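Inspection log for the structure reproduced underneath, given as structure tokens.
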There are 2 protein chains.
Amino acid sequence: MSDIAKLAGVHASTVSRALAGSPLVAKKKRDLILKLAREQGYVVNSIASNLRLRRTRTISVVIPLGHETGQALSDPFFVEMLGHLADEITQRGYGMFLQKILPPMDDWLPRLIASHRADGIIIIGQSTEHSALEEAAASYRPMVVWGGHLEHQSYCTVGTDNVGGARVVVEHLIRSGRRRIVFLGDPAVPEIKLRHEGYKYALDRAPRGTAAARIVPAHMTADTAYEAMRAFIKEDGQFDAVFGATDIIALSAIRAITASGLNVPKDVAVVGFDDIALAAHFNPTLTTMRQDLPRGARILVDLLFRRLDGEDAPSATMQAELIVRESSTAASRR
Amino acid sequence: MSDIAKLAGVHASTVSRALAGSPLVAKKKRDLILKLAREQGYVVNSIASNLRLRRTRTISVVIPLGHETGQALSDPFFVEMLGHLADEITQRGYGMFLQKILPPMDDWLPRLIASHRADGIIIIGQSTEHSALEEAAASYRPMVVWGGHLEHQSYCTVGTDNVGGARVVVEHLIRSGRRRIVFLGDPAVPEIKLRHEGYKYALDRAPRGTAAARIVPAHMTADTAYEAMRAFIKEDGQFDAVFGATDIIALSAIRAITASGLNVPKDVAVVGFDDIALAAHFNPTLTTMRQDLPRGARILVDLLFRRLDGEDAPSATMQAELIVRESSTAASRR
DNA sequence: TTGAAAGCGTTACCAA
DNA sequence: TTGGTAACGCTTTCAA
């Protein structure tokens, strides 16, 4: 910058003003400075600028994987969400700083905040970090979380109506004549817990003859869900439907069921949650509750920017939409 | 930091040393400082640290979308690659700064470099930015590009053997008895151009009776590829195979062909390139050349770090693997 | 082993 | 409208 200043025969502070488009600088001088900067390929050092301005024009996006060591960032749900967030954030002229948090480091959130790397934080999925989020929210405002909205929770979430969505799934299965519906998922994660609640709620109000709630605790990776399902089939064949807590879990369940010689949906109906791209193309195609991720991403970013402006933006819940496909209805094509 | 210094009764420079784990600081004093920092929730301001150290421990990952305005970051190929890169980069203790570049800004690369936001740059896909990359590479070393390796190219690429892969695809189709093979894709993008070359090469050496090369220029989004295919079918039904330059293009072609009342693979065989997750689950399942993205991501990051260390790491080419599925062989299940 | 001071490259305030 | 100067929060050299 001082180089440009010398070339233009002005002081560095004038160059700074010119580059920032300040109207204080005489037009002629400003044009000269801009031209010089372009010729010299000079660009403001954003690190120095960030330090001085105390803002980075960067949003941190964090994916806590507390519940799942094996779950790579390559998980389709995360990765779809990430794409939409990148779209929204770049559109607003901000950069996106991406982090994956593995569990062992338990101080991660306060550390991330204190490091001043970003102006705000978006967290995709509560994972098992609810209490860490609560604590952070007490003193740090520009933070928004994708996940389930728990009672008495003080941080800002955006997410789907998990309880309601799960109810719709179970009611759909019951209407289709299913009577022994198993829940496959790990309620240690808040979103899954809420889905499990909706599932129980619907079963409690189910017609007589419907079996009570049964849960198979399965983690969120394809492999662990597959194994959990196979083990369950081996020791207890009594079920005619599976509600997978996520699409990845549901698709793994289908593989496990098929591998055990049963047919989906003839012997067992399977429904998932998310509507990832694969769901529409799997064989059989997967019935699932759709979460509107593009919209969710937009709301996340909107709320965050409102919080950056000092507003105390509230949580938001979106309705999920049941997408009925082959896995819970027609005979499979295979 | 000066707060901690006061509390510990030492100078800020001693705190800095202690926090950096310098052996110069007396163990007792260091422990005290560390304890104090933890209690106070103090974390080094990374912006200030970055400025002073002139390095950011951050890698910029850029997706230029010069060739395709409509192509969102949500494109499965990009997004899969992104996930793997995030894994590799975080594993090395670096952060990942994500940017999407839309075409109108033509100065983006030098600007990004000069902004000093990151220590190195990974670019996913050359798009139509070959010359911008050439120019930047002349003076900036820590840059690695995923894409096709062109002749006389001075920047460092990692990618698949596109020419060879395309040859294998065409030879497979010819072996399966196909004689009128259409190439669907836009050779303005280097990788696509190379695939098109492999396609032509194989056709030139094909048995008599095989029709000459024909190209349908289709962009890389699902919708434009679909429209291009439909238009082609309407005006010229003479073909029995389609080589889609990417899986997204190939899958769109299948939809278009099916929508036109033809059957894949009975009437028309379709092969893609990439092996995105959808390919294995589409109906019919898609024959395609697999690019090993996890490995590609690892190599990209490896080469970049070697370049950060001053080494002049060379380009790398990986072999692609033909994955034969239903779309080019058995009768479809539908 | 520690403290003092300089400097990383900006921006903003104050004075002219 | 411009220039000088201080400050953003850290690290590192030099001296003690």
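The values are calculated or read from the model by the stated rules, or taken from the named source; none is laboratory data. The model shown is predicted, which means the values in this text are computed figures rather than measured ones. Positions of Cβ are backbone-derived with ideal geometry, glycine not excepted, and every protein chain shown enters the neighbour counts.
Things worth noting here:
- Answer residue from region A:15-40, given it is more than 11 Å from DNA strand C (Cβ to nearest atom) and not in a helix (DSSP H, G or I) and is surrounded by the fewest Cβ atoms within 10 Å (Cβ to Cβ) among those: A:Pro23
- Checked against (1) at positive phi; (2) at pLDDT 95 or above; (3) not assigned by TED's automatic domain parsing to the domain that holds A:Asp236, A:Leu304 passes all but a single condition, namely (1).
- In region A:7-41, residue nearest to the other protein chains (Cβ to nearest Cβ) [restricted to those that are of a type in the set (S, T, N, Q) and within 7 Å of DNA strand D (Cβ to nearest atom)]: A:Ser13
- Selection count, region B:1-14, where residues are within 11 Å of DNA strand C (Cβ to nearest atom) and assigned to a helix (DSSP H, G or I): 7
- Checking every residue in region A:215-225 against the condition of being modelled with pLDDT under 95 and of a type in the set (Asp, Glu) gives at least one match.
- Note on region B:181-194: residues that are buried (at least 16 other Cβ atoms within 10 Å of the Cβ) and more than 10 Å from B:Phe243 (Cα to Cα) amount to 8.
- Whenever a residue of region B:269-295 is small (Gly, Ala, Ser), its partners that are assigned to a strand (DSSP E or B) and modelled with pLDDT of 95 or more, lying with C-beta atoms within less than 7 angstrom and at least six residues away or across chains, give the pairs B:Ala269/B:Ala241; B:Gly272/B:Gly244; B:Gly272/B:Thr288; B:Ala279/B:Gly272; B:Ala279/B:Thr288.
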